[in-house]
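For reference, the structure discussed in these notes is given below.
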Amino acid sequence: MPYTYQRKRMPYAVNTMPRPRSLTQDRLAAAALAVIDREGLAGLSMRAVAVELGISTMALYRYVQDRGELEALVVELVLGSVDSTPPPAATGTWQARITLLVDRLRATVGAHPDVLPLTFTHRHRSPSVLRWGETVLGVLTEAGLGPEERIVALRALLAYVIGAIQQEHLGALSGAGTAAIARLPAADFPHLTEAARGAPSLTPDREFHGGLALLLAGLDR
């Protein structure tokens, strides 16, 4: 029987060490934010962020589980720059302190308006949103509002700033919609047409702070 040589396979060591995590959360968030700023919130996807980073989609899953985790990182990147420290009480009224806190949130989110819906969606687990809310509640407590009133006030302030930013960036008063309202039959819509005719002279800042002042006046009993 002829001898058949069989090459013996030598065992080899398997590297079980995990690969280094070369992408930081800030870099992932910045890439996702770049996609949102360029393509809108609807354009955010795992594939789009992977392309932005120059990696495969499967490689991206080594760093985040899903789009929801990417969204949370974006919210924290944007709102992490919000200064939640109010000025000392001696510098003004509680309304002035609340206005300053709201202005800081408006300026930060207004720079990336497409992120706004994510701010509301992830508000309960964003450290920055929670810190902002904690500071606002502290000012409202000093103002003498009761526990239930503080909750209502905080939610009203959040709803106002979110709605106002959306209106400012998605449909300004001086836009085509306002012009269309101004052309409605005045006999049927006297108040709407009158408001629309005066809207072009109303700047976004005046509109925002005017509405906020009315809201705060309602809280100041």
Accessible area of Tyr63 in the full protein assembly, 1.4 Å probe (Å², nearest 10): 30
Förster radius 30 Å - calculated FRET efficiency between Gln166 and Leu23, Cβ distance, rounded to 0.05: 0.40
Residues of the chain: accessible area per residue with a 1.4 Å probe, Å²: 63
Principal-axis tilt of helix 204-219 within the chain, Cα atoms, nearest 10 degrees: 80
Solvent-accessible ranking of Thr135, Thr85, Thr203, largest area first, probe 1.4 Å: Thr85, Thr203, Thr135
Two-site FRET efficiency, Thr91 against Glu207, from Cβ-Cβ distance with R₀ of 41 Å, rounded to 0.05: 0.95
Glu148 paired with Ala180, simple spin-label distance in nm, labels 7 Å along Cα-to-beta-carbon: 4.2
For segment 23-141, radius of gyration divided by Kirkwood radius, i.e. Rg to Rh on alpha-carbons: 1.07
Residue-averaged [θ]222 nm for the chain, counting only DSSP H segments that reach four residues, each worth -39500 (n - 2.57): -19000 deg cm²/dmol
log₁₀ of I(q)/I(0) at q = 0.12, 0.13, 0.18 Å⁻¹ - the chain, Debye sum with one point per alpha carbon: -0.81, -0.90, -1.23
Max mean-square fluctuation residue, GNM over the chain, Cα-Cα springs under 10 Å, options Ser128, Ser56, Ser22: Ser22
Protection proxy ranking of 73-79, 208-214 - average other beta-carbon atoms within 10 Å, highest first: 73-79, 208-214
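The values are calculated or read from the model by the stated rules, or taken from the named source; none is laboratory data. Computed from a prediction, not measured in an experiment: that's the story for all the values here. Please note: Cβ atoms are built from the backbone with ideal geometry, for glycine as well, and neighbour counts cover all protein chains shown. Note: areas computed on protein heavy atoms with side chains; ligands, DNA, RNA excluded. Shrake-Rupley method; radii C 1.70, N 1.55, O 1.52, S 1.80 Å.
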